[in-house]
1. Please enumerate the residues belonging to the range 434-473 that are at pLDDT 95 or above, more than 16 Å from Trp677 (Cβ to Cβ) and of a type outside the set (Val, Ile, Thr).
2. Would a scan of the range 346-360 turn up a residue that is on the phi > 0 side of the Ramachandran plot and either touching a strand residue (DSSP E or B) at 6+ places or on another chain (Cβ under 6 Å) or open to solvent by 30 Å² or more (accessible area, probe 1.4 Å) (or both)?
3. Just name the residue that is farthest from Phe138 (Cα to Cα) out of those in the range 31-57 that are at pLDDT 95 or above and β-branched (Val, Ile, Thr).
4. Taking Ala126, is it assigned to a helix (DSSP H, G or I), touching a residue at least 40 places away in the same chain (Cβ under 8 Å) and under 30 Å from the mean Cα position of the chain (by Cα)?
5. Is there any pair linking a residue in the range 367-382 that is touching a residue at least 40 places away in the same chain (Cβ under 8 Å) to one that is part of a helix (DSSP H, G or I) and open to solvent by less than 30 Å² (accessible area, probe 1.4 Å), with Cβ under 8 Å and at least six apart or on different chains, and which?
6. Does Gly266 satisfy the condition of being of a type outside the set (Ser, Thr, Tyr), open to solvent by 10 Å² or more (accessible area, probe 1.4 Å) and not assigned by the TED database to the domain that holds Val350?
7. Which of the numbered conditions does Leu111 fail, given that it passes all the others? Conditions: (1) free of Cβ contacts under 8 Å to residues at least 60 places away in the same chain; (2) within 40 Å of the chain's Cα centre (by Cα); (3) open to solvent by 20 Å² or more (accessible area, probe 1.4 Å).
Amino acid sequence: MPLRRWTRDARLTFAMRNPLGGFSRVPAAPALTLRDLWPGNPLVGERLVRNQTLFEGVVRNLQHLQWDNPAWPEAYRRWLQGFTWLRDLRELGAESARIKARSMVATWIGLPASERPIADPSITGARVAAWLSYYEFFAAAADDDFRQNLMAALIMEARSIMALMPEEARGWRALTALKGLLAVAVAIPDHQEFLSRYLRLIDQEIDRQFLADGSHITRCPEDQFQAVRELAEMLSILQTARLPLPTRLIEVADRAAPALRAMRHGDGGLMLFNGSRERDPQLIEQVLNRASRGRVVAASQPESGYIRLTSGRTMLFADAAGPAPDGYDSTAHAGMLSFEFSSGRQRIIVNCGASTQRGWAEALRYPAAHSVLEMGSLSPFRRDQTGRITNRPSVTRAQASQDGAHWLHMTHDGYKAQGGGVYSRQLYLGKDGQTLRGADTLEGTENRDFCIRFHLHPDITVEEIEHGFLLYTHEESWLFQANVPAYVEDSVYLGSGERVDTLQIVLCPPEAPEPPEELASEEYTAGDGDGAEYPHTHSGPAEDNEAFYADYATEHGEDHPAELPRETQAAEQDETALHQHHEEDDAFSPLLHDAPPADSRPYQAAHISDLGLTDHSADAAHEAPSMAEALFASEDAGSDHAAQAEQSAPQTPHAASSGATAEPSRAAAPAMRPVRWALTLMTE
């Protein structure tokens, strides 16, 4: 037996000595009773009275003296042993509920100390806090023996928390354990060791769990909610006992509450990343009001890596960071660069959520369950047999905002070591919130075994039309378009914990570009607006093409570029892209039509250059795609033109800069064309 486990068992054995009949004084009743802050569910209480449990939609029969079973899900075992269901019996309020509560507590404290499942201090903390919160409900009118045994059990189980902390609990559950220790400390003040141990451990846990921006170290919004909830309960216990509030506790609550507010959609529920669920908006609001008096929303969360963009009625959340640190990554999902999008109180594009069921819990970790690129059988990170993440992707992000419009560029290299290249995603949210555009690219690979998924909320209705898909909410309709084939497939949504069928839009990879030899031999006529060749077929009336091009040229004051050499055009276009900001007057303009602010452009350009990307937004002005393809075709053509120019150049970049003559080399394969898509609000 390892030494650590032997010493832990010895500490537990010593802690669980019954204080009745010993030298310790056991009070007849708590010096202070607590009040649970959260509402219960009377339907769950009614089931308990009938010897059944209702947990996450599953009904199970209660068995006398059975508190554990290997076949039970961990979440159910924690709920049953944690006695938090006492609030459901209290909510029911009937005398039968009171008798049932007293009976189940008596069954637990009647177990021999060696047979009680107390190895998890977080469950023990939840249990003793529940006992003290509902003491008046089930114990105040009980006989003396019951109350005396309950007080002895409180002392023993509080000692077990001291014996196991801080090694045996991680994350927000460690706060639950300390909350239980604090509850017993104020209820039985004669045992001063409980309070002193709590004060020593709480500062350590705060430093360990909360980042500088107030977000939780696990990067899970559900954990953020639970942690803020535990902080709120601790503050309530200390205020009830009229004890001085620890400074660190107040400070972290004031930072963590705004971070939690920043993780809420317009409907009040949580965003769905890394194992989180929507949660009840009213409960979230209650927790926030208890944790902090202010109603501030965190402006940014640089430590957690979540990006929150708001414009008009719309809100976008993006996961722009890698998995949580080792030891806190048990809930990590492979959803880097995924995003969620909502308008008003309606979620539109979502991730699939999380589940406590073993099969679904694992399936929902994969990229396919997120609104992001999925690359065949590859995964951006892997876990070993112990659950540790073995290969952590590097994630970068660059963000800019101006006049209410937002630009976001993110990359991760999770697929690179497996031959999948570097994944890059660019997002643009218009200043009025009526346009969301994106571009997804794989750089450094010719692998086309991928697709891009956009999971839709179950409330969204989809209608396929000629040039895309109309997405209907209860109040609005949005047009989804892409420059590649798009399909609607079935999906699932577990944002509320229960499985609901829904739909998803799936984008296929672009067609392979033509071989370099063929590209080099093609002739592009710049003088004819309707004679430009494109790598893929475009549809739409020629009149629309000419009208679009004429309006575009008139708007920007550009002359026809036919008489300019291509090199001169490119130089002037790059200069224009760096210093000119276009207004978003046309919902069908290309993704990079609205350039980022000039002061942010060099930073973004540096990141793009490192990935081998080129900004060809200016080249798009000299092409004449159809109206249906105007969002995407012009930039694709610009990318192909740039690739052709590079392939036909007689010098390597190094040789050109130094003036030396390089040997002719075989042209490289053209870069993969970006997958471009757009979501536009349809107005009458």
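1. Passing the criteria: His457, Pro458, Asp459, Glu463, Tyr472.
2. Checking the range 346-360: at least one residue is on the phi > 0 side of the Ramachandran plot and either touching a strand residue (DSSP E or B) at 6+ places or on another chain (Cβ under 6 Å) or open to solvent by 30 Å² or more (accessible area, probe 1.4 Å) (or both).
3. Per the stated criteria, the residue is Thr53.
4. So Ala126 fits the description; yes.
5. What qualifies is Leu373/Pro367; Glu374/Pro367; Met375/Pro367; Ser379/Pro367; Pro380/Pro367.
6. Judged against the criteria, Gly266 is a match.
7. Every condition holds for Leu111 apart from (2).
For (1) in contact with a Cys (Cβ under 6 Å, 6 or more places away or on another chain); (2) farther than 28 Å from Leu231 by Cα; (3) at pLDDT below 95, each residue gets a yes or a no:
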position: Leu80; (1), (2), (3): no, no, no
position: Thr84; (1), (2), (3): no, no, no
position: Ser96; (1), (2), (3): no, yes, no
position: Ala119; (1), (2), (3): no, no, yes
position: Tyr134; (1), (2), (3): no, no, no
position: Ala140; (1), (2), (3): no, no, yes
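The values are calculated or read from the model by the stated rules, or taken from the named source; none is laboratory data. Remember, it's a predicted structure, so these values are computed and weren't measured experimentally. When we count neighbours, we look across all protein chains shown, and the Cβ atoms used for this are built from the backbone with ideal geometry, even at glycine. In case anyone asks, the SASA skips ligands and DNA or RNA and just uses the protein heavy atoms, side chains included. Shrake-Rupley method; radii C 1.70, N 1.55, O 1.52, S 1.80 Å.
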